[in-house]
1. If I ask for residues that are exposed (fewer than 11 other Cβ atoms within 10 Å of the Cβ) and of a type in the set (S, T, N, Q), which ones from segment 25-47 would you list?
2. List the number of the failed condition for Lys47; all other conditions in (1) of a type outside the set (S, T, N, Q); (2) farther than 17 Å from Ile15 by Cβ; (3) at pLDDT below 90 hold.
3. Would you pick out the residues in segment 19-61 that are of a type in the set (S, T, N, Q) and in a helix (DSSP H, G or I)?
4. Report, ordered by the first and then the second residue, all pairs with beta carbons closer than 7 Å, sequence separation of six or more or different chains, a first member in segment 27-51 that is touching a residue at least 12 places away in the same chain (Cβ under 8 Å), and a second member that is of a type in the set (Lys, Arg) and part of a loop (DSSP other than H, G, I, E, B).
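The values are calculated or read from the model by the stated rules, or taken from the named source; none is laboratory data. Remember, it's a predicted structure, so these values are computed and weren't measured experimentally. Heads up, the Cβs are rebuilt from the backbone with ideal geometry, glycines too, and the neighbour counts pull from every protein chain shown.
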Amino acid sequence: MLVWDQLKKKKKMTISTLSPKNQTTVSVAFVRQLKLRAGTRFKQTVKNGKIILQPVPDVSTAFGALKPKRKFVSIEEETRGMEKAVGRQMGTKRR
């Protein structure tokens, strides 16, 4: 409930027009207040006859926020590990 919930306290409202390409604009005041930027993606829903836009978090802003659970290894180490695992697996199947 992007615009209405956050702006109804200030009772701001603007009117925009739907273009022939089904596009519209968001007022500069809303963009600034909600700290939106060009390329922001929105989830669109309809509720009680109203269009609701909710910003979708940009995955690139979370880059580096999560730490990997395992250490990264070189391709050579990965290959050696796979060869050992296959060797162990083949050894158990022969018996």
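1. The one that is exposed (fewer than 11 other Cβ atoms within 10 Å of the Cβ) and of a type in the set (S, T, N, Q): Gln44.
2. Answer for Lys47: the failing condition is (3).
3. Gln33, Ser60, Thr61 - these are the residues of segment 19-61 that are of a type in the set (S, T, N, Q) and in a helix (DSSP H, G or I).
4. Taking only residues 6 or more apart or on different chains, the pairs are Ala29/Lys12.
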